[in-house]
Amino acid sequence: MARKIAQDPTSLPLRLAQNLPKASNFYLTYFILQGTASAAKNVLNYWDLLEYLGYDTLFDKTPRAKYSRYTHMKGIRWGSVYPKFANMAIIGMYLPSWTIH
C-alpha cells in the first residue's frame, strides 16, 4: 500500500476521504457503547447490593461496625475509570478534524 501511495501521491486525498468516515463511525459507536455500558453498570451495581446484604451478617459483629460500613463512602477506582475517559477525550479532540475535510 505504501508503494501505491508513493507511486501515485495524488490518490491519497481520495483514500483518506473513503476511509476516514469509516473510522469516525467506529469511534462514534465506541462513545455510544461506552456511555450505555457504563450507565448500565452503575444502575445494575450488584456487588454493592451483595455487600449490603452479606457483609453485615458475616463480618460486622457490633452496631458500631455496621454503622461505620453504612456511612463510609467508597472511593473511585481511577485505574479503571481514567483510561476510558482519557481515550474518549483524545479521540474527541481529533475526531472533528477528521470529519471536517
Quiz item: In deg cm²/dmol, rounded to 500, what helix-only [θ] at 222 nm does the chain give when every DSSP H run of at least 4 residues adds -39500 (n - 2.57) and the total is split over its residues?
Solution: -27500 deg cm²/dmol
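Taking a quarter of the surface of the Cα convex hull of segment 44-101, what do you get in nm²?
On the way: hull surface 23.5 nm².
So the mean shadow area of the Cα hull is 5.9 nm².
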Quiz item: Which far-off residues, 5 or more places away or on another chain, put their amide H under 5 Å from the one on D60, with H placed in the peptide plane?
Solution: none
Exercise. Name the most mobile residue of G54, G75, G35, meaning the one with the largest mean-square fluctuation, in a Gaussian network model of the chain with Cα contacts below 10 Å.
Key: G75
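For the chain, report the translational diffusion coefficient in µm²/s to the nearest whole number, using Stokes-Einstein at 20 °C, 1.002 mPa s, and a Kirkwood Rh over Cα pairs. Can you show the working numbers first?
Details: Rh = 18.3 Å.
Translational diffusion coefficient: 117 µm²/s.
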Quiz item: What's the FRET efficiency of K41 with T62 using the Cβ-Cβ distance as r and R₀ = 30 Å, to the nearest 0.05?
Solution: 0.35
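Every number here is computed from the coordinates shown, using simple stated rules; none is lab data. All values derive from a computational prediction rather than experimental measurement. Here the Cβ is made from the backbone with ideal geometry for all residues, glycine too, and neighbour counts use every protein chain on show.
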